[in-house]
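Q: The following block contains the structure, expressed as structure tokens.
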Amino acid sequence: MTLGALALAGIATGGFFAYQTVTSPTPTTAATAASVPPPSATANAATPPPETPAATSVLDSEQTDPQKLSLSEAFPKKKVSAAGTTFTRVKAGMETTCAKAATGAFADALKERKCSRVLRATYVDGKRRYAVTTGIAVLPDKDAAAAADQAKDLPNNVWFRPLPGPEKSGGERVHIAGGYAAGLVWGRYIVFSYATHADGHTPKADEKTLPQVSAEFRDLTSEVLEHRATKD
């Protein structure tokens with residue numbers, strides 16, 4: 001990945017686990033003990049959409065990127081594919097009080113850095129095996145986004161809150177289930193995803209599918225920013 005992107009990665013059960021890099025495209029994992037529920041974790045690092053210096057600068061601030069991000073722009077498709085599986089959106093929402101979509105010191109940092117909105121959507125596959133929350137946080141500039149991101153405390157589950165779906169949707173346990181998350185900072189945006197087993201059971205450390213699902217949702221969501229950065 002090039003200018004302006006910050007990825008996080010890792011695997012575990014029972015907490016967020018993170019590896020951070022600004023240059024490495026190589027999948028990397030890191031795990032540490034966690035003690036505070038709800039559980040979540042991070043997925044293998046992946047390169048975000050290609051950037052050019054010009055495209056990166058477009059996303060750097062409200063001055064160069066003034067259009068407000070809407071739910072329809074952030075999540076344009078009801079159905080999407082990830083890890084060879086089709087997922088259907090069961091819920092979407094925008095929180096203009098960003099702290100309500102996060103926890104602890106990370107929530108405080110979003111408020112302090114003047115986050116204007118967090119857009120989240122939850123998807124479930126047709127067999128209701130997996131549930132995923134993905135989203136984008138919008139900040140005034142790239143420095144604010146990077147600073148807010150530094151406030152996360154993944155081993156203690158201090159990051160974004162997953163968005164539970166309606167009852168019997170298959171997404172109603174996403175906020176309390178163990179899973180895998182992935183994210184990156186691109187310009188003034190923080191992109192994130194979180195994949196769980198829909199029935200809420202805790203995945204094993206050698207889980208193969210959830211890390212891939214989470215990473216692919218992170219990349220799918222970041223395509224929204226690629227389109228915004230490269231549009232005429």
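Q: Looking at this structure, is P66 more than 23 Å from A198 (Cβ to Cβ), surrounded by fewer than 19 Cβ atoms within 10 Å (Cβ to Cβ) and touching a residue at least 60 places away in the same chain (Cβ under 8 Å)?
A: No.
Q: Taking the residues in the stretch 178-228 that are surrounded by fewer than 20 Cβ atoms within 10 Å (Cβ to Cβ) and of a type in the set (G, A, S) as candidates, determine which candidate is farthest from E62 (Cα to Cα).
A: A205
Q: Could you tell me whether any residue of the stretch 177-200 is under 17 Å from the mean Cα position of the chain (by Cα), free of Cβ contacts under 8 Å to residues at least 60 places away in the same chain and over 18 Å from A82 (Cα atoms)?
A: yes
Q: Give the stretch 200-232 a look and list any residue that's farther than 19 Å from R89 by Cβ and small (G, A, S), or say none.
A: Correct list: G200, A205, A229.
Q: Separate question: Checking D141 against (1) at pLDDT below 95; (2) over 16 Å from L184 (Cβ atoms); (3) in contact with a Ser or Thr (Cβ under 6 Å, 6 or more places away or on another chain): exactly one of these is not met. Which one?
A: It is condition (1) that D141 fails.
Q: Say whether the condition of being under 14 Å from the mean Cα position of the chain (by Cα) and part of a loop (DSSP other than H, G, I, E, B) is met by at least one residue in the stretch 135-151.
A: Checked against the condition, which is being under 14 Å from the mean Cα position of the chain (by Cα) and part of a loop (DSSP other than H, G, I, E, B), the stretch 135-151 yields no hits at all.
Q: Do you know which residues across the stretch 145-160 are under 25 Å from A198 (Cβ atoms) and surrounded by 23 or more Cβ atoms within 10 Å (Cβ to Cβ)?
A: L154, W159, F160
Q: Now for a different question. Of the residues that sit in the stretch 82-106 and are free of Cβ contacts under 8 Å to residues at least 24 places away in the same chain and of a type in the set (G, A, S), which one is most open to solvent (accessible area, probe 1.4 Å)?
A: G84
Q: Let me ask something else about it. Would you call S214 part of a helix (DSSP H, G or I), closer than 21 Å to P76 by Cα, of a type outside the set (K, R) and touching a Pro at 6+ places or on another chain (Cβ under 9 Å)?
A: So S214 fails the test.
Q: Also, I was wondering about something else. T42 - would you say it is polar (S, T, N, Q), modelled with pLDDT of 95 or more and under 18 Å from the mean Cα position of the chain (by Cα)?
A: Values: polar (S, T, N, Q): yes; modelled with pLDDT of 95 or more: no; under 18 Å from the mean Cα position of the chain (by Cα): yes.
For T42, the condition - polar (S, T, N, Q), modelled with pLDDT of 95 or more and under 18 Å from the mean Cα position of the chain (by Cα) - is not met.
The values are calculated or read from the model by the stated rules, or taken from the named source; none is laboratory data. Keep in mind that what you see is a predicted model, and the values were worked out from it rather than measured. Please note: Cβ atoms are built from the backbone with ideal geometry, for glycine as well, and neighbour counts cover all protein chains shown. Ligands, DNA and RNA are excluded from the accessible area calculation, which covers all protein heavy atoms including side chains. Shrake-Rupley method; radii C 1.70, N 1.55, O 1.52, S 1.80 Å.
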